[in-house]
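The values are calculated or read from the model by the stated rules, or taken from the named source; none is laboratory data. Please read these numbers as outputs of a predicted model, since none were measured by experiment. In this analysis, Cβ positions are derived from the backbone assuming ideal geometry, glycine residues included, and neighbour counts consider all displayed protein chains. Quick note on the areas: whole protein, heavy atoms, side chains included, nothing else; ligands and nucleic acids left out. Shrake-Rupley method; radii C 1.70, N 1.55, O 1.52, S 1.80 Å.
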Amino acid sequence: MPAHEFESDTTTDPLAHERAHLAASRAALRAMREDAQNLDIRDVTANWVNAAVLQAQIDERIKSLADLAHTPLFFGRLDYLHVVGAEEAEGAEGEQFYIGRRHVHDAVGDPMVIDWRAPVSQPFYRASRKDPLDVGRRRRFGYTGGDLTAYEDEHLTDPAEAEQTSKLLQAEIERPRVGPMRDIVATIQPEQDEIVRSELGGTVCVQGGPGTGKTAVGLHRVAYLLYAHRERLARTGTLVVGPNRSFLHYIEQVLPALGELEVKQATVEDLVTAQIEVRGTDEATAAVVKGDARMAEVLRRALRSHVTLPTEPVMVVRGSRRWRVPAYEIEEMVQELLARDMRYGAAHEALPQRIAHAVLVRMEQSGEAPDDRVQNSVARNPAVKAAVKAIWPAVDPAKLVLRLLAEPEFLAEHAEGLLSDDEQKAILWSKPARSVKTAKWSAADAVLIDEAADLVSRTHSLGHVVIDEAQDLSPMQYRAVGRRCSTGSATVLGDLAQGTTPWSTQSWEQALRHLGKADALVEELTAGFRVPRDVIAYASRLLPVISPGLTPVESVRESPGSLSVREVGSDVLDAAVVAACEEALAHEGSIGLIAADARIPALAEALAAAGHSCLSPGQETTAESRLTLVPASLAKGLEYDYVVLDEPAAVVDGEPDERTGLRRLYVALTRAVSGLTVLHAAPLPEELA
């Protein structure tokens with residue numbers, strides 16, 4: 001399966017033919033964009049509102065048709081043995097299909113490039129010699145910048161051709177990383193493709209070690225679902241939830257590169273802080289308790305405690321007549337609403353209507369003929385409103401949480417049998433805030449308020465939510481995200497071995513139950529495509545301690561010399577780190593210097609003294625600025641071609657306990673795509689020694 005390099009520009013040269021098709025496809029894409037830009041909607045809209053909506057849709061269409069100069073328009077070709085049905089090929093006829101990031105058609109509507117998500121494209125990822133799926137030849141293309149420079153053929157039905165690893169595929173996987181995360185659409189593997197094309201109705205959980213591509217798989221699944229179910233998801237919405245802003249900035253260009261511009265991105269904190277500002281922090285013990293799922297029941301009890309059974313009848317005066325609803329009848333209404341376990345706010349709205357209906361029944365029994373307008377009027381009667389306020393008062397979610405955290409007696413009453421005395425003491429404020437506005441809410445408090453808000457009024461559900469680095473969510477955070485897809489589905493991505501929060505997930509079964517998706521399918525990716533074999537094997541020495549029973553990643557990449565572990569004196573550690581960074585900068589690609597958070601200021605000073613400027617995590621690397629200084633706490637999810645890891649012992653010591661510290665170290669060790677240099681003055685953890 002040789003890679004054919006460009007030799008001549010004659011019409012008989014296959015590469016020249018492919019380059020001509022690329023040029024024609026780009027011209028066709030430009031024509032599609034110009035057609036969209038030239039649309040005149042003046043005669044097809046009834047009013048300015050319709051015109052604005054339609055123009056917004058056209059603007060999005062124009063954006064999606066942009067030709068990204070350095071992004072290949074197509075990356076492969078399928079030569080089928082037989083003619084594929086037109087309905088399966090987006091209207092195309094014939095046996096040959098170019099597979100790319102988006103659909104491109106010519107002036108008469110015939111496809112020149114088929115979207116990678118279309119059914120006819122699936123064999124590009126799934127076909128094999130054992131099951132060629134009617135494909136005679138699979139061709140991969142190699143690019144330099146935006147120029148097509150090589151191709152490689154695989155004849156799936158030719159018994160004389162020996163099976164080999166694709167050199168172009170390997171080169172694309174190993175291509176140096178400068179800038180934000182890029183798509184993997186050209187390199188999706190069969191096991192990844194199965195997850196990407198999973199049905200919208202089901203939730204999928206992907207356990208994947210470092211370098212297995214789980215993040216990219218999740219993002220490509222969103223792109224696939226938007227292709228296959230665009231109308232439905234356009235109505236219900238999609239969301240990607242990441243661990244922090246740096247991570248979201250790192251991945252934000254993947255979906256636009258695939259033509260998807262409407263997917264929102266947020267952190268869990270973004271989702272739950274619409275009503276309050278996070279200004280405080282929690283000790284680890286308090287955060288663990290606040291993040292425990294038992295807090296949901298504490299909140300539910302506290303909210304329901306506001307309901308008081310009536311002791312007095314309600315007397316409604318209308319004109320010269322008085323209508324009496326006895327207390328026992330109102331109590332039956334309240335008990336029935338409580339038994340239904342409906343949202344607190346919905347019940348608050350329903351109770352006056354129930355009382356009003358009871359009045360209407362009495363009116364009808366006396367010979368009157370009231371209608372719905374009369375019922376609504378009675379529901380707004382001062383006597384009814386006063387009764388409802390006393391029986392089922394409105395509750396502000398933030399004020400409810402404020403009382404629980406500020407009033408020991410109120411918390412003890414509703415946490416009885418759920419939280420121990422020590423746990424209650426851990427979450428009580430030492431200096432209670434006077435009001436919601438003056439309270440220094442923590443991130444965990446915001447999640448509690450979000451839970452309380454949902455108990456009062458149902459949270460809007462989206463069609464699909466992707467949760468990345470999910471192993472770091474607390475049970476209450478899972479519930480918060482789960483509310484955002486209660487009637488939709490989710491893609492849960494994570495690695496149990498990389499859990500670095502005190503409340504990190506112990507098992508996916510528990511996590512999915514808290515998410516409200518207990519029936520989700522759990523898939524495990526164990527083939528590593530990014531991290532070199534020596535590096536992942538070295539990091540995997542920590543697995544028996546940090547995550548017993550988890551299958552180690554088996555890297556397909558052999559990169560001799562990719563790992564270097566050096567012991568230096570403590571007095572020259574900073575200088576040795578700077579020298580290692582300079583050594584890494586001699587290579588092509590991005591460089592990440594990862595260190596314990598406490599070491600960052602000293603290393604920044606040492607780099608500056610040596611004349612090196614450095615980026616912060618999430619900032620885009622360029623050809624001129626390739627070195628990023630990364631606190632270990634922000635390294636998760638990021639990748640660099642070459643990583644210099646400073647003082648592993650300091651990374652471990654920077655965490656509240658050894659297990660969490662070793663997990664943080666595991667994350668730091670597995671950020672390298674091409675090479676890792678570990679520098680230490682203190683002894684290494686015994687698992688690595």
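For region 272-301, which positions are in a loop (DSSP other than H, G, I, E, B) and touching a residue at least 12 places away in the same chain (Cβ under 8 Å)?
The answer is 273, 275, 276, 277, 279, 280, 281, 282, 283, 291, 292, 293.
Give the residue, chosen from 201, 218, that is small (Gly, Ala, Ser) and assigned to a helix (DSSP H, G or I).
218
Report whether or not residue 221 is in contact (Cβ under 8 Å) with a residue 40 or more places away in the chain, among the charged types (D, E, K, R) and surrounded by 21 or more Cβ atoms within 10 Å (Cβ to Cβ).
For residue 221, the condition - in contact (Cβ under 8 Å) with a residue 40 or more places away in the chain, among the charged types (D, E, K, R) and surrounded by 21 or more Cβ atoms within 10 Å (Cβ to Cβ) - is met.
Is it the case that residue 414 is in a helix (DSSP H, G or I) and either in contact with a strand residue (DSSP E or B) (Cβ under 9 Å, 6 or more places away or on another chain) or closer than 30 Å to residue 288 by Cβ (or both)?
Here the answer is yes, as residue 414 does meet what is asked.
Consider residue 353 against the criteria (1) closer than 30 Å to residue 400 by Cβ; (2) open to solvent by 60 Å² or more (accessible area, probe 1.4 Å); (3) not in a helix (DSSP H, G or I): it satisfies all of them except one. Which criterion is unmet?
(3)
Restrict the check to region 447-458 and report whether at least one residue is open to solvent by less than 20 Å² (accessible area, probe 1.4 Å), more than 30 Å from residue 688 (Cβ to Cβ), touching a Gly at 6+ places or on another chain (Cβ under 8 Å) and not basic (Lys, Arg).
There is at least one residue in region 447-458 that is open to solvent by less than 20 Å² (accessible area, probe 1.4 Å), more than 30 Å from residue 688 (Cβ to Cβ), touching a Gly at 6+ places or on another chain (Cβ under 8 Å) and not basic (Lys, Arg).
Looking at region 229-239, is at least one residue assigned to a loop (DSSP other than H, G, I, E, B) and open to solvent by less than 10 Å² (accessible area, probe 1.4 Å)?
No, region 229-239 contains no residue that is assigned to a loop (DSSP other than H, G, I, E, B) and open to solvent by less than 10 Å² (accessible area, probe 1.4 Å).
Has region 617-627 got at least one residue that is among the polar types (S, T, N, Q) and either in contact with a Cys (Cβ under 9 Å, 6 or more places away or on another chain) or crowded, with 24+ Cβ neighbours inside 10 Å (or both)?
yes
Show the residue pairs that are 6+ apart or on different chains and have beta-carbon atoms under 8 Å apart, the first residue being within region 245-271 and among the basic types (Lys, Arg), the second being not in a helix (DSSP H, G or I).
Hits for this filter: 245/267; 245/618; 264/237; 264/238; 264/239; 264/240.
Checking residue 475 against (1) open to solvent by less than 20 Å² (accessible area, probe 1.4 Å); (2) at pLDDT 95 or above: exactly one of these is not met. Which one?
Evaluating residue 475 over (1) open to solvent by less than 20 Å² (accessible area, probe 1.4 Å); (2) at pLDDT 95 or above leaves (1) as the failure.
Sort out which residues of region 363-411 are in a helix (DSSP H, G or I), hydrophobic (A, V, I, L, M, F, W, C) and over 17 Å from residue 448 (Cβ atoms), and write them in order of number.
Correct list: 363, 374, 378, 379, 383, 384, 386, 387, 388, 390, 391.
Take the conditions of a type in the set (A, V, I, L, M, F, W, C) and surrounded by fewer than 21 Cβ atoms within 10 Å (Cβ to Cβ) and apply them to residue 606. Does it pass?
yes
Quick test of your reading of the structure: residue 30 fulfils all but one of (1) loosely packed, with under 11 Cβ neighbours inside 10 Å; (2) among the basic types (Lys, Arg); (3) at pLDDT 80 or above. Name the failing condition by number.
(1)
Could you run through region 512-532 and say how many residues are over 17 Å from residue 214 (Cβ atoms) and of a type in the set (Gly, Ala, Ser)?
2
For residue 384, only one of the following conditions fails: (1) touching a Lys or Arg at 6+ places or on another chain (Cβ under 9 Å); (2) open to solvent by less than 10 Å² (accessible area, probe 1.4 Å); (3) closer than 30 Å to residue 316 by Cβ; (4) of a type in the set (Val, Ile, Thr). What is its number?
Result: residue 384 passes all but (1).
Hey, can you tell me all the residues within region 442-467 that are of a type in the set (S, T, N, Q) and in a helix (DSSP H, G or I)?
Passing the criteria: none in range.
Which one is surrounded by the fewest Cβ atoms within 10 Å (Cβ to Cβ) among residues in region 559-572 that are closer than 19 Å to residue 642 by Cβ and in contact (Cβ under 8 Å) with a residue 40 or more places away in the chain?
561
Among the residues of region 470-495, which ones are over 16 Å from the mean Cα position of the chain (by Cα) and either part of a helix (DSSP H, G or I) or on the phi > 0 side of the Ramachandran plot (or both)?
475, 476
Scan 286, 327 and give me the residue that is over 30 Å from residue 503 (Cα atoms) and open to solvent by less than 60 Å² (accessible area, probe 1.4 Å).
Of the residues listed, the single one that is over 30 Å from residue 503 (Cα atoms) and open to solvent by less than 60 Å² (accessible area, probe 1.4 Å) is 327.
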